[in-house]
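To keep things clear, I will list the structure first and then write my remarks on it.
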Amino acid sequence: MGIESVGNQPVRVADGWLDLTGSAWTLRADPTTAAWRLVPEEVRTSVAFGIPGTVPGCVHTDLMAAGLLGDPYVGTGEADQAWVGQQTWSYSFTLNLVDDSEELYADNCDLICDGLDTVAEIRVNGRTVGTSANMHRRNAFPIRPNIGVGPNLIEIVFSPALEHAARMAELVGERPHVEKHPFNLIRKMACNFGWDWGPALITAGIWKSIGLRSWDHGRISDVGVFATVTETDAGQWQGNLRVDVQIQGETRFGAVTVRVKGQGASSEAVVIAEDWTTVELTVSDVQPWWPHSLGEQALYDVEVVFHNDVRVLDTVHRRTGFRTVELDTTPDADGRGAAFGIVINGVSIFTRGMDWIPDDCFPSRMTAERYRERVQQAKDANVDLLRVWGGGLYEQEAFYQACDELGVMVWQDFALACAAYPEEGPFPLEFEAEARDNVIRLSAYPSLVLWNGCNENLWAYEDWGWKQQLQGRTWGADYYYRLFPEIVAELDPSRPYWPGSPSSGSAEIHPNDPNYGCIHIWDVWNSRDYTGYDDYSPRFVAEFGYQGPATWATWARTLAPEDRSATSATMLVHQKANGGNTKLNQGLHGHLPQPGETVAEFDEWLFAMQVQQARAVRYGVERWRSLRGRCLGSVIWQLNDCWPVTSWAALDLGTDSAGKQVARRKPLWYAVRSAYADHLVTIQRDGSGWRAVLVNDGRDTWPAQGTLELRTFAGETLWSERLDQTLSPRSRKGLDLTGLPNLDRTDVALVATVDGAERAVRLLVEDVAAPLPPARYETSVDSTDDTVTVQVTARTFLRSLCLFPDRVCEDASTDSLLVDLFPGETHTFTIAGEIPENVRADLTRGPVLRSVTNPLTPSEAA
């Protein structure tokens, strides 16, 4: 069924479906509650009488649209909205029906709510027709007996989330959790209550679509689509499709027809209808769906029709792709470990992933265009998997559609994170309903390759002191080890399930054992130097990361000039990690010069911390990929942000010159793109010495030809060796660097260059211990109709050369960053975005153009 909205009136977009989204709703606050005293005087009259409400949406966005609430993303605005989440709010809508309205002459009329956030009472003409206390599931409320000719008032009342959590605490007892608020006692997006990268913005509202569904004899209430593929002896692919159809109402004399077509193939099957009808069919000579790192993304249309001999009763459309996914957990021969790797269509891959968090604190603002833009940014960084983190959401359809079309796999957490969850009271039934709803809802998307029980809860139970705090009370183990795997096995056997991240796969083995399953590595960020990644030889790293601040342009729109320092009170509002700045400073020690933290030193601080983040994460990724075979994947924390913040993300979140929200690429994004490239050359060091490692995660054989060198910063080659290797797809090869001359010098670097494109530069000592020369270079600026280029020729060794065009024009970006140049070498930066001619000279001056050594201007450097 299609959904669209015209103006502020309900729109009938299909037989039996009346769309109620749009701006015809009214939002009110309840002035009779005790929390009313917290409402600012200047907004009380407006919110008591009512303001326009938009659906999908939430209270915060409607208050902002009415000019009653400032942007909580800017400055210290977060503190000005705490009262919002403590109120009782209602969204109301008056629907006028006439005698021949479909809603009245049909036997049944259901109010379909795809997402209510969160504690909601649904009233129709003053009568309660249902309640909901789960943001993560769909609801259908029968309302036919409650409506009639004339005006009909539909009202949804949202109670404060924290009040509900307090009631649950009285009912089942408190449980351990991170952060301040008990998010584990309400089925709501956990990070909505604040996280170590996000603000506390406790929302309420109708955050997904809503409408009326009228029907007579029966309707399709849900459809599961499960498409797998088998390679035949002839080298062709046979598609296997199973469609589960849930029928509500009368099934007698009914039938279900399923048709699938696409890529020149088609098939059809008809079966007698039951309450749950399963239709199975095969499709010959299909094209399989592959992640973009392995192949193309063939998609097929599936039509499901419920009908009798007289007419069609209901029709549902889905889009899917044929692929088979397995989780390789083969035990090691010595019994001391087991693999953990994703296998797609029989091909074992090294997963190049990143973690995904909600891209906005207000998820209703996410559009299909924005989802696709963000997934494209991940793909452009050579990412082939996004892990949807358990403290966020089961995402909206547009996210998975973008992943299907762009070939990015999805690892989907069930929405539980960093807390103990009760197994008493209403929670078991709520978790079961939520899991069943989402497993079926997301079943058609071929990009979804893994269901995961939780984020860090198994690890926390073992190592965070929970056992002592819980004193025998339940904490969620039954969900991870019984309920969720049973539901996935029953409803979706086409996908593997894993108990948690991290998890060894067994309750008998420590969940963060590096020899089993997937692990998280956080001691490096919290307390160790990033070279500590060398101490790990994991099977799969499902989380690791390093903090860095947002881009200059994002801070310029978030912080007033006087607040642009690392330790200003306003900046610290946008640093949520416990001891975050201290960890940043400690991590920088021994690697880069320590910058100051005043307003005057902000440029130096911003650059140093961004470069440090990029280097730390790249160091980890190259370590994991150099272990390819033992290690079969890494997932970097994290791809994206939900507001302007110093965080672990590669993409920040700000606004552009038109006021549109935009994700700008931090230096980390460029480092990820390089570290996750199909062809990787990395220089590693262990107890036996230096070695170069070549990794081919491309589809084809890689004839890797180039040189291995030891160079001085002045450009002199002290040692050189020809490199000529052939790597089959999805393989690695390590090369010991033997015959190196005395390595006591500090002004040298090992350089591996392959195919004239892939290059690794490894200083033998850290930057602060190396005699890096002052930056000297020459520049030129050229332009075409739609691009500007900046060419830089090095006269001295330039370390981590960067160009930040957003400091000149906030909407501009560059194609490359973090470039090492030896004397005589040239690099060209290509800039996207309009750069007026009168400011192009600024592109060649510091701090827009700079390297690690200093931000000298060309005239000073020449």
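The values are calculated or read from the model by the stated rules, or taken from the named source; none is laboratory data. Here the structure is a predicted model, which is why all the values come from computation and not from measurement. Cβ atoms come from the backbone with ideal geometry, glycine included; neighbour counts cover every protein chain shown. Accessible surface areas use protein heavy atoms only, side chains included; no ligands, DNA or RNA. Shrake-Rupley method; radii C 1.70, N 1.55, O 1.52, S 1.80 Å.
Each label point is 7 Å from the Cα along the Cα-to-Cβ direction; what then is the distance between the points at R252 and R762, in nm?
7.6 nm
Stretch R259-T76 to full length: gain in nm at 0.36 nm per residue minus the Cα-Cα span?
Numbers: separation 183, 0.36 × 183 = 65.88 nm, distance 5.47 nm.
Contour length minus the Cα-Cα distance gives 60.4 nm.
Using the crude model of +1 on Lys and Arg Cβ and -1 on Asp and Glu Cβ, and no other charge, please compute the dipole size for the stretch 174-255 relative to its Cα centre, in debye to 20. Mind showing how you got there, number by number?
Details: 9 positive and 9 negative charges, 86 e Å.
Charge dipole of the stretch 174-255: 420 debye, to the nearest 20.
With every protein chain present, what is the per residue accessible area of the chain (1.4 Å probe, Å²)? Walk me through the numbers on the way to the answer.
Numbers: 31530 Å² over 862 residues.
Dividing the accessible area of the chain by its residue count gives 37 Å².
Considering only F49, L201, Q705, whose Cα is most displaced toward the positive end of the charge dipole of the chain, charges sitting on Cβ of Lys, Arg (+1) and Asp, Glu (-1)?
Q705
Taking the Cα atoms only, what angle lies between the long axis of helix 427-441 and the longest principal axis of the chain, rounded to 10 degrees?
Tilt of helix 427-441: around 80 degrees.
Post the alpha-carbon centroid distance, the stretch 96-142 to the stretch 309-386, in whole angstrom.
The distance from the Cα centre of the stretch 96-142 to that of the stretch 309-386 comes to 32 Å.
Note down the magnitude of the dipole of the chain about its Cα centre, charges +1 on Lys and Arg C-beta and -1 on Asp and Glu C-beta and zero elsewhere, to the nearest 20 debye.
Numbers: 74 positive and 116 negative charges, 222 e Å.
It works out to roughly 1060 debye.
Carbon and sulfur: what percent of the chain's accessible surface (1.4 Å probe)? Walk me through the numbers before you get to the answer.
Details: 14730 of 31530 Å².
Carbon plus sulfur share of accessible area: 47 percent.
When the label point is put 7 Å from the Cα of D534 along its Cα-to-beta-carbon vector, which residues of the stretch 661-694 have a backbone N closer than 13 Å?
683-691
If a paramagnetic tag sat 7 Å from the Cα of T738 along the Cα-Cβ line, which residues of the stretch 623-639 would have the backbone N under 18 Å from that point?
Label zone hits: none.
For the chain, please report how many Lys pairs fall under 24 Å Cα to Cα, leaving out neighbours fewer than 8 apart on the same chain.
11
Taking a quarter of the surface of the Cα convex hull of the stretch 502-545, what do you get in nm²? Display every interim value, and only then the final one.
Numbers: hull surface 11.6 nm².
If I average the Cα hull's projected area over directions, I get 2.9 nm².
How large is the translational diffusion coefficient of the stretch 668-800 in µm² per second when you combine the Kirkwood radius over alpha carbon pairs with Stokes-Einstein at 37 °C and 0.692 mPa s?
Working: Rh = 16.7 Å.
This corresponds to a translational diffusion coefficient of 197 µm²/s.
Using only Cα atoms, locate the centre of the stretch 716-786 and the centre of the stretch 171-238, then give the distance between them in Å, rounded to an integer.
Going from one Cα centre to the other spans 47 Å.
Between the helical axis of 161-172 and the dominant principal axis of the chain, each derived from Cα atoms, what acute angle in degrees is found, rounded to the nearest 10?
80 degrees
Put K576, K467 in order of accessible area, largest first, 1.4 Å probe: what do you get? Walk me through the numbers before you get to the answer.
Values: K576 60, K467 90 Å².
Listed by decreasing accessible area, they come as K467, K576.
Please name which of T655, I831, V172 has its Cα lying farthest along the dipole of the chain towards the positive end, using unit charges on Cβ (Lys, Arg +1; Asp, Glu -1) and the Cα centre as origin.
Going by the Cα projections, it comes out as I831.
In whole Å, what is the distance between the alpha-carbon centres of the stretch 399-453 and the stretch 554-609?
36 Å
Using the basic label-point model (7 angstrom from Cα toward the beta carbon), what is the T707 to H679 distance in nanometres?
With each label point 7 Å from Cα toward Cβ, the separation is 1.7 nm.
Which number comes out as Rg/Rh for the stretch 342-447 once both Rg and the Kirkwood Rh are worked out on C-alpha atoms?
Working: Rg = 14.9 Å, Rh = 15.0 Å.
Here the Rg-to-Rh quotient is 1.00.
Full extension from N526 to S816: what is 0.36 nm times the residue separation minus their Cα-Cα distance, to one decimal in nm? Show your work: numbers first, answer last.
Working: separation 290, 0.36 × 290 = 104.40 nm, distance 2.95 nm.
Result for the pair: 101.5 nm of gain on full extension.
Let's test the formula: R0 of 41 Å, r as the Cβ-Cβ distance of T232 and D275. What FRET efficiency results, to the nearest 0.05? Mind dumping the intermediate values first?
Numbers: r = 35 Å, r/R0 = 0.86.
The formula returns an efficiency of 0.70 here.
Given labels modelled 7 Å from the Cα in the Cβ direction, how far is it in nm from R482 to N515?
Taking the simple label geometry, R482 and N515 are separated by 3.0 nm.
Could you give the length gained by full extension between D15 and D332, i.e. 0.36 nm per residue of separation minus their alpha carbon distance, to one decimal place? Numbers along the way, then the final one.
Values: separation 317, 0.36 × 317 = 114.12 nm, distance 5.76 nm.
Computed gain between D15 and D332 is 108.4 nm.
So what J values fall out for the stretch 547-558 if you push phi through Karplus, 6.51 cos²θ - 1.76 cosθ + 1.60 with θ = phi - 60°, rounded to Hz, Gly and Pro as x?
Ordered by residue, 3J(HN,Hα) equals 6, x, x, 5, 6, 4, 4, 5, 5, 4, 8, 9 Hz.
Could you tell me which label, among [x] 0.99; [y] 2.16; [z] 1.10, carries the value of Cα Rg over 2.2 N^0.38 Å calculated for this structure?
Correct label is [x].
Enter the angle in degrees (range 0 to 90, nearest 10) between the Cα long axis of helix 368-380 and the first principal axis of the Cα atoms of the chain, meaning the one along which they spread out most.
Once rounded, the angle reads 30 degrees.
With unit charges on the beta carbon (Lys/Arg positive, Asp/Glu negative), name the residue among Q638, V343, A24 whose Cα is farthest towards the positive pole of the charge dipole of the chain.
Positive-end residue among those listed: Q638.
Run the dipole for the stretch 193-340 about the Cα centre, Lys and Arg Cβ at +1, Asp and Glu Cβ at -1, nothing else charged, and hand back the magnitude in debye, nearest 20. List each step's numbers first, then the result.
Values: 12 positive and 21 negative charges, 123 e Å.
Dipole of the stretch 193-340, to the nearest 20 debye: 600 debye.
No solvent, one uniform scatterer per C-alpha: report log10 I(q)/I(0) for the stretch 27-140 via the Debye equation at q = 0.15 1/Å, two decimals.
-0.79
Using the alpha carbon gyration tensor of the stretch 234-335, what are the three equivalent-ellipsoid semi-axes (square root of 5 times each eigenvalue), largest first, in whole Å? Before the final figure, lay out each step's value.
Working: eigenvalues 216, 66, 25 Å².
Semi-axes (√(5λ), whole Å): 33, 18, 11.
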